[in-house]
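We did not get these values from a lab; they are worked out from the coordinates using the rules stated. Computed from a predicted model, the values in this text were never measured in an experiment. Ideal geometry is used to build each Cβ from the backbone, glycine not excepted, and the neighbour counts take in all protein chains shown.
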Amino acid sequence: MATLKLRVTGMTCGHCQMKVEKALTGAPGVYSAVVDLSAGEAEVDFDDDAATTDQLIAAVAKAGYGAKVAG
């Protein structure tokens, strides 16, 4: 298991936050995702044998938002 923190751009409201959470939790190998709208960040717990960082970023992008590894 791995934990990844992403910086998410383009979120402006609670609906955006829920869309990003749904996109991440729907990705293969993801156990949980918590999105902080005010911080513009998402913390994702996932099986790193089943998903990659790039796949998680792509899931956010498919939902219409930008994402990159925070740090």
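Whole-Hz Karplus values for the stretch 53-62 come out as 4, 4, 5, 5, 4, 5, 5, 5, 4, 5 Hz, taken residue by residue from phi with 6.51 cos²θ - 1.76 cosθ + 1.60 and θ = phi - 60°; glycine and proline positions read x. Sequence-distant contacts, meaning Cα pairs under 8 Å at least 6 residues apart, place the relative contact order of the chain at 44 percent. Taking label positions 7 Å along the Cα-Cβ direction at both Ala58 and Ala70, the computed distance is 2.4 nm, reported to one decimal. The P(r) of the stretch 2-69 has a tail past 16 Å containing 32 percent of all C-alpha pairs.
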